[in-house]
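Below: the structure, in structure tokens.
No lab work stands behind these numbers, since they all come straight from the coordinates. All values derive from a computational prediction rather than experimental measurement. Heads up, the Cβs are rebuilt from the backbone with ideal geometry, glycines too, and the neighbour counts pull from every protein chain shown.
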Amino acid sequence: MSSPRGTGLVLRDALAWGDVREIAGTAEDTGYAALFVPEIAGREAFSTLTGLAAATERVALGTGVVPIDARRPDITAMAAATLHDASGGRHVLGLGAGHPPPGTGPGPLERLGEYLRVIRDAFGGEQVSSVMYGIDAFELELRLDQPPPLWLAALGDRMVELAARTADGVLLNWCTPDRVRAAAASIRRTAPTGGRDPDAVTVAVYVRACIGPPPPVALRALQEMTGRYASVPNYLAQFERMGLGAAAHRAARAFADGRPEDVPEALVEALCVRGSRETWLARAAAFHEAGADLVLCYPVAALEPFSTVLGTAIACAPDPAVER
């Protein structure tokens, strides 16, 4: 399959399985192009998406993302091939560097590059080995007519460049439209150096949203999530690069002190969406204009999780007048 474009939906929360299926079915019925499942501490991504493959017919099904330290690349290749086969070729394999193991070994760029090489060669029917990952003469027996697209999660510029040279797409996170614009420009510059067509590298971006609850309730949910990520060094560095460093440092301190209500509202407004469907459509259009091929609505639960995630998904559904 080709990489999905338009509007996608992220399903993060560990909701009851029947609720997850209902949201997935609603997403397909309302025109979403893709469903992505992060792998954090809730559901395991490949088994979740295999279940959703049986509950849907059209939408692309992406891991968004699986960290490479969780599995060896040969195991990931088998899992991705199984999902791609079971879904009728609808899988997108999103990979992330995660948290590198302690020590002085290869850095995240080298580790992710080698991981990607092993999987791509395995999908191509080659016998692959990797000293880095302890793999000796692995050959994937499940043959795929067309393997799933391989996407890389990227925060920093060097990871965006690696995706441009070696992957089929890049997943951006916690971005302003200007950051997406800069990443898209980097891909246009860098892809030809790896013999790639820049237009063949999909640019996707996660956008947190909470639409439907009363504005103060939505704000508090988004403040908590924003503060949580501002407390992570890699994301804090990204906020600084986007000129949001002062507010992000205040957000991190507020989160650490158990005061999410003190996370700056201006930081939330710069990075997230709350309010109305019109607010979401305007922000999604800004990301598309900046160079995003796929804008992924990432619902943030507030009050009762299922109803607010479903409500946000319905409110952010693609505009049929724009996406066909």
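Name the residue, out of Leu294, Leu222, Leu144, whose mean-square fluctuation peaks in a Gaussian network model built on the chain with Cα pairs under 10 Å. So, out of Leu294, Leu222, Leu144, the one fluctuating most is Leu144. Ordering 230-240, 193-203 by mean Cβ neighbour count within 10 Å, with the highest value first, yields 230-240, 193-203.
Among residues other than Ala317 with Cβ under 11 Å from its Cβ, the summed charge is -3 (Lys and Arg +1, Asp and Glu -1).
With a cut-off of 14 Å between beta carbons, the residues surrounding Ala270 carry a summed charge of +2, where Lys and Arg count +1 and Asp and Glu -1. Could you please state, rounded to a whole Å, how far the C-alpha centre of the range 139-215 is from the C-alpha centre of the range 250-266? The range 139-215 and the range 250-266 have Cα centres separated by 30 Å. Taking the square roots of five times each eigenvalue of the Cα gyration tensor of the range 7-76, the equivalent ellipsoid has semi-axes of 21, 13, 10 Å, listed largest first. For the chain, DSSP calls about 5 percent of its internal beta bridges antiparallel. Computed from Cα atoms, the angle from the helix 157-166 axis to the main principal axis of the chain rounds to 40 degrees.
Can you give the net charge of the other residues whose Cβ lies under 15 Å from the Cβ of Ser307, counting K and R as +1 and D and E as -1? Taking every other residue near Ser307 into account, the sum is -4. Cysteines in the chain that lack a partner Cβ within the 4.7 Å cut-off: Cys175, Cys210, Cys272. Overall dimensions of the range 259-324, expressed as equivalent-ellipsoid semi-axes from the Cα gyration tensor (√(5λ), whole Å, largest first), are 22, 17, 9. Under 1.5 on a/c is rounded, so check that first for the range 39-185, then, if it is not, pick prolate when a/b is larger than b/c and oblate when it is not; a ≥ b ≥ c are the square roots of the alpha carbon gyration tensor eigenvalues. Cα axes put the range 39-185 in the oblate bin. Which of these, Arg120, Arg283, Arg259, has the largest mean-square fluctuation under a Gaussian network model of the chain (Cα springs below 10 Å)? Top of the fluctuation ranking is Arg259. Using 0.36 nm per residue and subtracting the Cα-Cα separation, the extra length available between Asp178 and Thr30 on full extension is 50.4 nm. Remark: the range 117-274 projects, on average over all directions, an area of 12.2 nm² (convex hull of Cα atoms).
Here the scattering of the chain is modelled by Debye summation over its C-alpha atoms, one equal scatterer each and no solvent; at q = 0.11 Å⁻¹ the log10 of I(q)/I(0) is -0.67.
Indicate the gyration tensor shape class of the range 95-160 (rounded, prolate or oblate), computed on the Cα atoms with a ≥ b ≥ c the square roots of the eigenvalues: a/c under 1.5 is rounded; otherwise a/b larger than b/c is prolate and the rest oblate. Verdict is oblate for the range 95-160.
Extending 7 Å from Cα along the Cβ direction at Arg228 and again at Asp199 yields two label points whose distance is 4.0 nm. A helix-only calculation puts the chain at -14000 deg cm²/dmol for mean residue ellipticity at 222 nm, using -39500 (n - 2.57) for each DSSP H run of at least four residues, averaged over all residues.
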